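Only the coordinates and a few stated rules stand behind these numbers; no lab work does. Remember, it's a predicted structure, so these values are computed and weren't measured experimentally. Positions of Cβ are backbone-derived with ideal geometry, glycine not excepted, and every protein chain shown enters the neighbour counts.
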Amino acid sequence: MNRREVPRGVRVVEARRLLLRLPNVTEGRSYGMPSFLLNGRFLARFRDNDTVLVLQLARISERDVLMELDPHAFFFTEHYRNYPAVLVRLAEVARPLLIDVVTEAWRHVASLPPPRPRKKPVRGRKRRERSRGPAVA
């Protein structure tokens, strides 16, 4: 390894620690999956047996720049084609680059307005059919 080459690879525990050290980031659920949330909004989650980090971005164009910068570390799947997110191969990414990208993603999500509260479904009660008056026989 020459002097300019930065070692690659970030362990899951290091990525989790990086995310949870950011202000207001907590572990929660997004679409039923364990995720990292910032003020209740999706920021990131692990996938592919924790080998890949899905990270929210401000714009799809940022993903394009990251993929051009390091195509071994950054990619996307068809599912994310029209969504501002990037997938990061933890074994391939340089730690300083991951720190920069996660911090920038945090800044973007922190700037968003708080999510609207969702109505919680009522459990244990059957939905009633609305009656429009007596049935005519």
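One way to sum up the overall shape of the chain is the equivalent ellipsoid from its Cα gyration tensor, whose semi-axes run 41, 16, 14 Å, largest first. Between 48, 70, 100, the residue with the greatest mean-square fluctuation in the GNM of the chain (Cα pairs under 10 Å linked by springs) is 48.
Name the residue, out of 24, 49, 82, whose mean-square fluctuation peaks in a Gaussian network model built on the chain with Cα pairs under 10 Å. Result for the chain, Cα springs under 10 Å: 49 fluctuates most. Anyone know which of 71, 84, 117 comes out most mobile in the 10 Å Cα GNM of the chain? Maximum among the listed residues: 117.
The calculated FRET efficiency for the pair residue 91 and residue 58, based on their C-beta separation and a Förster distance of 41 Å, comes to about 0.95. Here the sum of -39500 (n - 2.57) over DSSP H runs of 4 or more residues, divided by the residues of the chain, equals -8000 deg cm²/dmol at 222 nm, to the nearest 500. Taking a point 7 Å from the Cα of residue 80 along the Cα-to-Cβ direction, the residues of region 30-49 with backbone N closer than 11 Å to it are 44-48. Taking one quarter of the surface of the convex hull spanned by the alpha-carbon atoms of region 1-44 gives a direction-averaged projected area of 4.2 nm². Estimated at 0.36 nm per residue, the fully extended path between residue 11 and residue 26 surpasses their Cα-Cα distance by 3.5 nm.
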